[in-house]
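Here's the structure, in structure tokens; my notes come after.
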Amino acid sequence: MILFNQTKMVIAILIGIAPLLGGCFSAAVGTGAWIATATSEERGLKSSASDLAIRTRITGLWIDQNEALLTRVDIAISEGRVLLTGRVPNQQQRLDAVRLTWRASGVKEVINEIQVSETEGVSGFARDTWISAQLKTSLALDKKVNSINYSIDTVGGTVYLMGIAGSPSELARVRNHARQIKYVRRIVNYVVMKTDIKRKARGPNKK
């Protein structure tokens, strides 16, 4: 009964943001796939829906105030913790991204990893995309890693990890996979442990 009620709440949230996801059919298909994925994540269905709603609010604020942020800054969210990565041309855009993110309802923490610098061009973007793809593939193939719980972004050869690890040994495997990928310069970890007391302080997220 609890899961049924949570599912109804999640669907209600998704219906509310469906217009931002595209046409009715694609939104419906996307919603079904999203629910199937969210129920398998450590953060749970309710928390996954909350994070999706937060992302929608942040995106809306950026569109209203500074559309350039959408193409320059990436967003990763886990249980209300928001990680911002990417490159912007000046300090003002960096400040705008953080300021507007904090204005979004539901945000509990903002981790600012936005760099103020010019992009590395098409080749740099392609290399970072390749690194992220390689790591995601490696994690998906590792039976000792629950890859669905991790968010990965790469900027200038720096790999940013976000999410929830089942154990220290699992996180160690994730980091080791990243180290073995060509062009990786460093790894920045914002993953929390499944048993971390900070998660309880933010409130339980039951599946």
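Would you mind calculating the gained length between ASN112 and ALA133 on full extension (0.36 nm times residue separation, minus the Cα-Cα distance), in nm to one decimal? Working shown, then result.
Details: separation 21, 0.36 × 21 = 7.56 nm, distance 2.29 nm.
Full-extension gain reported as 5.3 nm.
What residues qualify as long-range amide H neighbours of ASP153, i.e. H under 5 Å apart, gap of 5 or more or another chain, H built at 1.01 Å from N?
Residues meeting the amide H criterion: TYR160.
Convert each backbone phi in the range 88-95 into a coupling constant with the Karplus relation 6.51 cos²θ - 1.76 cosθ + 1.60 (shift: θ = phi - 60°), then list the ³J(HN,Hα) values in order as whole Hz, x for Gly and Pro.
10, x, 8, 5, 4, 5, 4, 5
Enumerate the residues in the range 125-146 having an amide nitrogen under 11 Å from the point lying 7 Å beyond the Cα of SER167 toward its Cβ.
Flagged as within label range: 144-145.
Near the amide H of ALA165, under 5 Å away, which other amide H atoms are found, from residues 5 or more places off or on another chain, if H is placed in the peptide plane?
Residues meeting the criterion, in which the H sits 1.01 Å from N, are VAL192, MET193, LYS194.
With label points built 7 Å along Cα→Cβ from the Cα atoms of GLU67 and ALA140, find their separation and express it in nm.
It works out to 3.3 nm between the two label points.
Any idea how far apart ASN90 and SER123 come out in nm if each label point goes 7 Å out from Cα toward Cβ?
Distance between the two pseudo-spin positions: 2.9 nm.
Say the dipole of the range 71-148 comes from +1 at the beta carbon of Lys and Arg and -1 at that of Asp and Glu; which of VAL88, SER123, SER78 then lies farthest toward its positive end?
Positive-end residue among those listed: SER78.
Per residue of the range 67-84, in order, report the coupling 6.51 cos²θ - 1.76 cosθ + 1.60 (Karplus, θ = phi - 60°) as ³J(HN,Hα) in whole Hz, putting x for Gly and Pro.
Couplings: 4, 4, 4, 5, 9, 10, 10, 9, 10, 10, 10, 9, 6, x, 8, 10, 9, 10 Hz.
Using each residue's phi in the range 146-156, evaluate 6.51 cos²θ - 1.76 cosθ + 1.60 at θ = phi - 60° and report the 3J(HN,Hα) Karplus result to the nearest Hz, with x for Gly and Pro.
With coefficients 6.51, -1.76 and 1.60, one gets 8, 4, 5, 8, 10, 10, 10, 9, 10, 9, x Hz.
Could you tell me which of the pairs LYS144/LYS182; LYS108/LYS143; LYS108/LYS182 are separated by over 29 angstrom between their Cα atoms in the structure shown?
Working: LYS144/LYS182 22 Å; LYS108/LYS143 32 Å; LYS108/LYS182 34 Å.
From LYS144/LYS182; LYS108/LYS143; LYS108/LYS182, over 29 Å: LYS108/LYS143; LYS108/LYS182.
Starting from the Cα gyration tensor of the range 104-162, take the square roots of the eigenvalues, sort them a ≥ b ≥ c, and report rounded, prolate or oblate (rounded when a/c is under 1.5, otherwise prolate if a/b is larger than b/c, else oblate). Please report the intermediate quantities before stating the final value.
Working: a/c = 3.06, a/b = 1.09, b/c = 2.80.
Verdict is oblate for the range 104-162.
Under 18 Å from the Cα of LYS136, which aspartates and glutamates turn up, not counting those fewer than eight places away in the same chain?
GLU41, GLU42, ASP74, ASP128, ASP153, GLU170
Can you bin every Cα-Cα distance in the range 55-162 into 5 Å intervals starting at zero and give me the percent of pairs per bin, rounded to whole numbers?
In whole percents, the pair-distance histogram is 2, 12, 22, 21, 19, 14, 7, 2, 0.
Every number here is computed from the coordinates shown, using simple stated rules; none is lab data. All values derive from a computational prediction rather than experimental measurement. Here Cβ is always computed from backbone atoms with ideal geometry, including for glycine, and neighbour counts include all displayed protein chains.
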